[in-house]
Amino acid sequence: MDREALAERYAQVNASLPARVKLIAVSKTRAVEEIKALYELGHRDFGENYPQELREKQPLLPTDIRWHFIGHLQTNKAKYIAPFVHLVHTVDGPRILDELNKRAGASGRTIDVLAQVHIAREETKHGMAADEVRSLLLGWEAMRWPSIRVRGLMGMASNTDDTTQAAREFEGLKALFDGLREKGPFDPRDFSELSMGMSSDAPAAIAAGSTMVRIGTAIFGPRA
Ligand SMILES: *Cc1c(COP(=O)(O)O)cnc(C)c1O
């Protein structure tokens with residue numbers, strides 16, 4: 001591992017972000033040593049995609065890391081991350097909310113979540129349609145999910161070189177977010193996060209109003 005190169009890329013990414021945008025360093029597939037190196041540069045927010053991988057890494061790393069779960073979460077895997085996860089970005093329906101709520105209650109904690117919205121053209125990307133998100137959040141069942149706090153929305157744009165396409169998708173997600181923030185049942189001080197933007201499309205996401213970018217490659221280099 002080249003610590004100097006890591007520090008340089010990290011500084012460059014940081015310099016490109018406005019103060020209102022939080023950087024989530026996406027560390028899926030990265031060794032514990034690499035994560036530690038970024039931690040020693042002062043970074044605390046890390047994102048992981050796979051529950052088993054996160055469950056194995058978490059005990060090997062400092063306890064003040066804020067772990068963001070950004071991958072698809074199956075109900076039978078929620079228990080691996082529920083005791084410590086800081087924010088689940090990928091809630092895609094009532095069933096995973098039932099499971100997270102149950103596991104949060106068992107751990108005596110509240111779990112913060114974002115609702116994942118499908119905004120890309122590809123069908124392979126997970127998330128709910130805008131209508132589904134609206135009906136879930138506008139009809140929020142507070143009695144059913146007392147240990148869940150909804151903090152906002154997350155989305156992934158189409159994987160394309162067409163920057164206007166990605167920009168349109170991010171703007172659509174921002175409009176949905178603004179509408180729900182205004183009309184939804186949540187305190188706007190809680191419902192305040194819009195997770196969008198990765199290494200390739202962070203500038204478009206930030207221009208559209210992102211509050212959190214999830215960046216792996218631009219910090220750690222290409223994944224194996
Ligand atoms: C892997 C991943 C990222 C980071 O992608 P990079 O291109 O490495 O920046 C961001 N968000 C999600 C959901 C991911 O799976």
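The values are calculated or read from the model by the stated rules, or taken from the named source; none is laboratory data. Please read all numbers here as calculations on a predicted model, not as lab measurements. Cβ sites come from the backbone with ideal geometry, for glycine too, and all protein chains shown count toward neighbours.
What the table shows:
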read-out: Total residues in region 22-36, condition assigned to a strand (DSSP E or B) and not charged (D, E, K, R); value: 4
read-out: Residue in region 113-130 that is in contact with a strand residue (DSSP E or B) (Cβ under 8 Å, 6 or more places away or on another chain), polar (S, T, N, Q), within 20 Å of ILE96 (Cα to Cα) and not in a loop (DSSP other than H, G, I, E, B) present; value: yes
read-out: Candidate set: region 86-108, residues that are within 15 Å of the ligand (Cβ to nearest atom) and within 23 Å of PRO59 (Cα to Cα); chosen: the one surrounded by the fewest Cβ atoms within 10 Å (Cβ to Cβ); value: THR90
read-out: Some residue of region 71-79 being under 19 Å from ARG214 (Cβ atoms), within 16 Å of the ligand (Cβ to nearest atom) and outside any loop (DSSP other than H, G, I, E, B); value: no
read-out: Subset of region 62-85 (residues that are touching a residue at least 24 places away in the same chain (Cβ under 8 Å), surrounded by 16 or more Cβ atoms within 10 Å (Cβ to Cβ) and either β-branched (Val, Ile, Thr) or within 16 Å of VAL150 (Cα to Cα) (or both)); value: ILE65, HIS68, ILE70, ILE81, ALA82, VAL85
read-out: Leading residue by the ranking (nearest to GLU4 (Cα to Cα)) among those in region 37-70 that are within 15 Å of the ligand (Cβ to nearest atom) and part of a loop (DSSP other than H, G, I, E, B); value: HIS43
read-out: Any pair with Cβ under 8 angstrom, 6 or more apart, that starts in region 153-172 at a residue that is farther than 22 Å from HIS68 by Cα and crowded, with 16+ Cβ neighbours inside 10 Å and ends at one that is of a type in the set (Val, Ile, Thr) and modelled with pLDDT of 95 or more; value: GLU169/ILE119; GLY172/ILE119
read-out: Residues (over 16 Å from LYS125 (Cα atoms), at pLDDT 95 or above and not small (Gly, Ala, Ser)) located in region 154-182; value: ARG168, GLU171, LYS174, LEU176, PHE177, ASP178, LEU180, ARG181, GLU182
read-out: Residue that is modelled with the highest pLDDT [pool: residues in region 187-204 that are near the ligand (Cβ under 8 Å from one of its atoms) and among the hydroxyl-bearing types (Ser, Thr, Tyr)]; value: SER199
read-out: Number of positions in region 111-136 that are on the phi < 0 side of the Ramachandran plot and crowded, with 22+ Cβ neighbours inside 10 Å; value: 8
read-out: Filter result (more than 9 Å from the ligand (Cβ to nearest atom) and either surrounded by fewer than 22 Cβ atoms within 10 Å (Cβ to Cβ) or part of a helix (DSSP H, G or I) (or both)) within region 205-224; value: ALA205, ILE206, ALA207, ALA208, GLY209, THR211, GLY221, ALA224
read-out: Test for LEU176: is it touching a strand residue (DSSP E or B) at 6+ places or on another chain (Cβ under 6 Å) and closer than 14 Å to LEU137 by Cβ; value: no
